[in-house]
Amino acid sequence: MNFKVPRGTQDILPDVSWKWQRVEKIIRSICDVYNYKEIRTPIFEQTELFQRTVGDTTDIVQKEMYTFTDKGNRSMTLRPEGTAAVVRSFVENKMFGYADQPVKLYYTGPMFRYERQQAGRYRQFVQFGIEAIGSDDPAIDAEVIELAMNVYKKAGLSDFKLVLNSLGDKESRNAHREALIAHFSPHIEEFCGDCQNRLEKNPLRILDCKVDREHQLMKTAPSLADFLNEDSSAYFEQVKRYLDIAGIAYEYDPNLVRGLDYYNHTAFEIMSTSKGFGAITTLCGGGRYNGLAEEIGGPAAPGIGFAMSLERLLLALEAEDKAWTDEPSLDVYIVTLGEEARTTGFELIGRLRENGLRSEMDYMDRKMKAQMKSADRLDADYVIVIGEDEVAENVVQLKNMADGQQKKVALDQLLEELQK
Ligand code: ATP
Ligand code: MG
């Protein structure tokens, strides 16, 4: 029997895993600079958590969740996204009581959605996200957006843009909601079943429908922009002002609607503008969710965050032809010839590694030439050759691969020589 990786998932093989580690390193260092601390939550949660927070009318809850009943007859779901669990943990651990507010958290880890596989869309994918909970200062909205933009910048991307909208507060959204219902109701039978359900539950989500995108009524739908009340408009102006101060350009899109039901005010996406990128251009999505903590039984705690997948970041690098190719090289490769040289080499490599030098040697009992080829492939900076003569003399041949120079070095002076 042949086994295959499950559809929609992938093995991250050793020749690319270093790229993942590098992205993760960039992420961690940026979060560190912005003072976001890591939080690690379980891979699965009670199903109801996602129904409540992501929302019953979303694609995620309706179609994409990996839900199972455990042996205790509880409905559990592999997390499809990160915000729900982070806010759950915020409430459960009473982080609203922390002396320093807002509480600034980040996470990276696998998420699971039962989706149709295509480029940039997987059933298991890795998301990096941050959440700032406890403040409704528009400056923190700008901080969150800036952090996301910096990840792409630091990764080396240049063809990406920020798209921004405001979903307004509850009052604005309710007014807009009424207008949407009035707009779509007379012709709702021309829309898909999902949209018919959404009409009463959450008509805003009709605008985000992938099936009815081209329907005439979509183009003439009442825009949220016309329903923002004074407070909401003022808030949005402040967010834009802070983005200006940060020197971040944005494109305003009044039709940008985000996934979660509980988003309000700021909503944004970062999109790749590279010609080489496929149909799915969204790299990152985020927004403000002021009612979420209350929705799951906590106190009022306004929050904002985003999530991006590392898969799409790496795809965007490829699309821009900037995929990293500079895999970290080896410091030293030790070529040994014969039993005794092997013993000396083995003892030596231990010392080199102890001193932080990335080192490798032959374990296949190969000829000199084959060992040299390995050293080449691994891009070793130095090759050390140990044969019978070298063992007898307590020396090694040290070859600098950059200039091809080779010299004899005493064993006990080797480390010093390499560290020069
Ligand atoms: P889309 O409209 O592409 O389905 P979404 O609205 O479902 O996106 P979010 O839930 O906002 O996406 O997730 C945030 C980010 O996570 C996306 O911008 C994208 O980078 C990434 N993402 C979402 N789903 C997938 C997936 N199936 N595979 C890889 N990355 C994904
Ligand atoms: Mg989706």
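The values are calculated or read from the model by the stated rules, or taken from the named source; none is laboratory data. Keep in mind that this is a model prediction, so the values were computed, not measured. Every residue, glycine among them, receives a Cβ derived from its backbone with ideal geometry; neighbour counts consider all protein chains shown. The protein model used for the area step is the full one, side chains on, heavy atoms only, and it has no ligands, DNA or RNA in it. Shrake-Rupley method; radii C 1.70, N 1.55, O 1.52, S 1.80 Å.
Within the set of pairs 6+ apart or on separate chains, which have a first residue in segment 13-35 that is closer than 16 Å to Leu317 by Cβ, a second that is of a type in the set (Val, Ile, Thr) and open to solvent by less than 60 Å² (accessible area, probe 1.4 Å), and C-beta atoms under 8 Å apart?
Trp20/Val126; Glu24/Thr108; Ile26/Val151; Ile27/Thr108; Ile27/Val151
Exactly one of these conditions fails for Lys63: (1) among the basic types (Lys, Arg); (2) within 30 Å of Ser232 (Cα to Cα); (3) open to solvent by 60 Å² or more (accessible area, probe 1.4 Å). Give me its number.
So the condition that Lys63 fails would be (2).
Just to be sure I understand, how many residues within segment 242-274 are touching a residue at least 12 places away in the same chain (Cβ under 8 Å) and open to solvent by 60 Å² or more (accessible area, probe 1.4 Å)?
9
What's the number of the only condition in (1) closer than 12 Å to Phe44 by Cα; (2) more than 14 Å from ligand 2 (Cβ to nearest atom); (3) within 13 Å of the chain's Cα centre (by Cα); (4) surrounded by 18 or more Cβ atoms within 10 Å (Cβ to Cβ) that Glu81 fails to meet?
Here Glu81 meets the rest and fails (2).
Can you work out which of the residues in segment 29-55 that are within 16 Å of ligand 2 (Cβ to nearest atom) and over 19 Å from the mean Cα position of the chain (by Cα) is modelled with the lowest pLDDT?
So the residue we want is Gly55.
If you check every pair at least six apart or on different chains, which have Cβ atoms under 8 Å apart with a residue in segment 303-327 that is under 20 Å from Ala132 (Cα atoms) and in contact (Cβ under 8 Å) with a residue 40 or more places away in the chain first and a residue that is among the charged types (D, E, K, R) and open to solvent by less than 10 Å² (accessible area, probe 1.4 Å) second?
Gly303/Glu131; Gly303/Arg288; Ile304/Glu131; Ile304/Asp141; Ile304/Arg288; Gly305/Glu131
Just give me the residues in segment 311-330 being touching a strand residue (DSSP E or B) at 6+ places or on another chain (Cβ under 6 Å) and either over 14 Å from Trp20 (Cα atoms) or more than 16 Å from ligand 2 (Cβ to nearest atom) (or both), in sequence order.
The answer is Ala316, Leu330.
Considering only residues of segment 236-264 that are touching a Ser or Thr at 6+ places or on another chain (Cβ under 7 Å) and not aliphatic (A, V, I, L, M), which is nearest to ligand 2 (Cβ to nearest atom)?
Gly259
Out of curiosity, is Ala279 aliphatic (A, V, I, L, M), out of contact with any strand residue (DSSP E or B) (no Cβ under 6 Å at 6 or more places or on another chain), more than 16 Å from ligand 2 (Cβ to nearest atom) and open to solvent by 20 Å² or more (accessible area, probe 1.4 Å)?
So Ala279 fails the test.
Of all residues in segment 40-54, which are out of contact with any helix residue (DSSP H, G or I) (no Cβ under 6 Å at 6 or more places or on another chain), open to solvent by less than 70 Å² (accessible area, probe 1.4 Å) and either part of a loop (DSSP other than H, G, I, E, B) or without any contact (Cβ under 8 Å) to a residue 24 or more places away in the chain (or both)?
Once the filter is applied, which keeps residues that are out of contact with any helix residue (DSSP H, G or I) (no Cβ under 6 Å at 6 or more places or on another chain), open to solvent by less than 70 Å² (accessible area, probe 1.4 Å) and either part of a loop (DSSP other than H, G, I, E, B) or without any contact (Cβ under 8 Å) to a residue 24 or more places away in the chain (or both), segment 40-54 yields Pro42, Ile43.
Could you please tell me which pairs satisfy a Cβ distance under 8 Å, a separation of 6+ or placement on different chains, a first residue in segment 108-132 that is in a loop (DSSP other than H, G, I, E, B) and more than 9 Å from ligand 1 (Cβ to nearest atom), and a second residue that is open to solvent by 40 Å² or more (accessible area, probe 1.4 Å) and not aromatic (Phe, Trp, Tyr)?
From residues that are in a loop (DSSP other than H, G, I, E, B) and more than 9 Å from ligand 1 (Cβ to nearest atom), the pairs are Tyr114/Lys63; Ala119/Gly278; Ala119/Ala279; Ala119/Leu315.
Scanning segment 122-150 for residues that are β-branched (Val, Ile, Thr) and over 12 Å from the mean Cα position of the chain (by Cα), which turns out surrounded by the fewest Cβ atoms within 10 Å (Cβ to Cβ)?
The selected residue is Ile140.
Of all residues in segment 122-162, which are within 16 Å of ligand 2 (Cβ to nearest atom) and under 30 Å from Ala300 (Cα atoms)?
Val126, Gln127, Gly129
Within the group Pro328, Pro299, which residue is touching a Lys or Arg at 6+ places or on another chain (Cβ under 8 Å), assigned to a loop (DSSP other than H, G, I, E, B) and open to solvent by 30 Å² or more (accessible area, probe 1.4 Å)?
Pro328
Just to be sure I understand, how many residues within segment 356-412 are at negative phi and either among the hydroxyl-bearing types (Ser, Thr, Tyr) or not in a helix (DSSP H, G or I) (or both)?
Residues in segment 356-412 being at negative phi and either among the hydroxyl-bearing types (Ser, Thr, Tyr) or not in a helix (DSSP H, G or I) (or both): 35 in total.
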